[in-house]
1. Would you mind computing, in nm to one decimal, how far apart the modelled labels at Glu225 and Glu99 are, each placed 7 Å from Cα along Cα→Cβ?
2. Take the alpha carbon atoms of the range 1-56, find their center, do the same for the range 77-155, and report the distance between the two centers in whole angstrom.
3. Let me have the 222 nm mean residue ellipticity of the chain computed from DSSP H runs of 4+ only, each contributing -39500 (n - 2.57), with the sum over all residues rounded to the nearest 500.
4. As a footprinting exposure proxy, order Glu208, Glu344 by other Cβ within 10 Å, with the fewest listed first.
5. Can you compute the modelled spin-label distance between Lys354 and Glu126, with each label point 7 Å from Cα toward Cβ, in nm?
6. Within a 10 angstrom radius of the beta carbon, how do Phe340, Phe33 rank from fewest other beta carbons to most?
7. Would you mind ranking Ser350, Ser330, Ser336 by Cβ crowding within 10 Å, fewest neighbours first?
8. Say each of Gln247 and Ile306 gets a label point 7 Å from the Cα, pointing the same way as Cα to Cβ; how far apart are those two points in nm?
Amino acid sequence: MGLKGDLSTMGLEDILQWLAVGKKSGILELKGFLHTKRVSFQDGKITSVWSSDPREYLGQYLLAFNRITEEQLREALATQEDENQLLGRILVNRQLVTEVEIRRIVQLKVEESIFDTFLWPMGTFEFHDGQPPLQKSMLLTLDVTGIVLEGARRMDEWKRIRKVIKGGDAVLAAIPEAIADRLPLSPEDADMLSRLDSYKTIDQLVIEMRVPEFKANKLLFDLFEKGMVNILEPGGKLGDHSSLQLQRARQLVEKQKLEEAQGELRQLLQEQPKLQEATRMLQVVEHLLQENAIDERLVPELAVTIEDLMQAQLGPNEAFLATRVNAVWSIHDIISISPFPQDECLAIFSKLLKRGILKVQKQSGGSQPEFGR
């Protein structure tokens, strides 16, 4: 039998324990504010997780651990499209990583994906009893008890963190004198401290470091408690995915009521112009409304100097994509290594082309491709 409901009435901890005790087999579908996840169970054990969040793809974890380069990931993903093999198998065959490393990182990826769901402010769930996994994946056998205990611990830790660091728009700065007194530093602390420039927000650091939101916040919170960083801006001005208007806009997009969603988002951005989630969603909606058919095979180039690019006031996601433009990779190549959804990437490329920041190479036939045809 199936089970469905709202995470506010039946928490994820209770759901997981019910599935474990009952030794259930099937798929638990979790729909959150921005993303959907599907957790596969076999006899009450977790075997795999699928997520719609590109930040949780295996390739992003391998990049975060510096196990492969962006170029190696791009080439492996191209092979995956042609041969329909698992990404991990392709990388192992190319001797870029070992089987042991892949299995360890896949397990970490699965665990982090579930832990992230514990921090969702809202969401729904539905268990599809007896349904097999929908995609090829490396299967694991993870006990629910440890997942639940760690998830509950992170929920408590997240509440402590949010009392000090109130949102992803927070800005922190390193304190050199305090750092000098605590040398040598752990590699993670040293890496984080080297990136603090008194301007970057936590949202930007999460993108730059390709780490889960919880990990970045926990690292900074611990550094703050050790007296090694100052909080210049506590954040929280952008909310924590709690805007009812943003929820409504998301529902309108899902129902393809794009003009209504556009109006909702524009009104919201008049009140909160720095709300990144609304800005990203509006980019996607406007892209869909304009029906711009960008040929992903096109190769973008910078149409401005590096100096002008730095002064272009790009958002974190826009800057990420713009800095991957090298006149060699196609739009498809860049999207494949991006930690953002495809629709969002296409909307950003559309915007950068229209602003004249990017241009595209001529097609082999000699005719300039029409943007937006």
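1. Result: 4.1 nm between the two label points.
2. Here the two parts' Cα centres lie 13 Å apart.
3. Counting only the DSSP helices, I get -15000 deg cm²/dmol.
4. Ascending Cβ contact count within 10 Å gives the list Glu208, Glu344.
5. For Lys354 paired with Glu126, the spin-label model returns 3.5 nm.
6. Result, fewest neighbours first: Phe33, Phe340.
7. The order, fewest Cβ neighbours first, is Ser330, Ser350, Ser336.
8. The two pseudo-label positions are separated by 4.7 nm.
None of the figures in this text is laboratory data; all of them are computed from the coordinates on show. Just so we're clear, the structure is a prediction, and the values are computed from it rather than from any experiment. Neighbour counts are summed over all protein chains in view; Cβ atoms, including those assigned to glycine, are modelled from backbone coordinates with ideal geometry.
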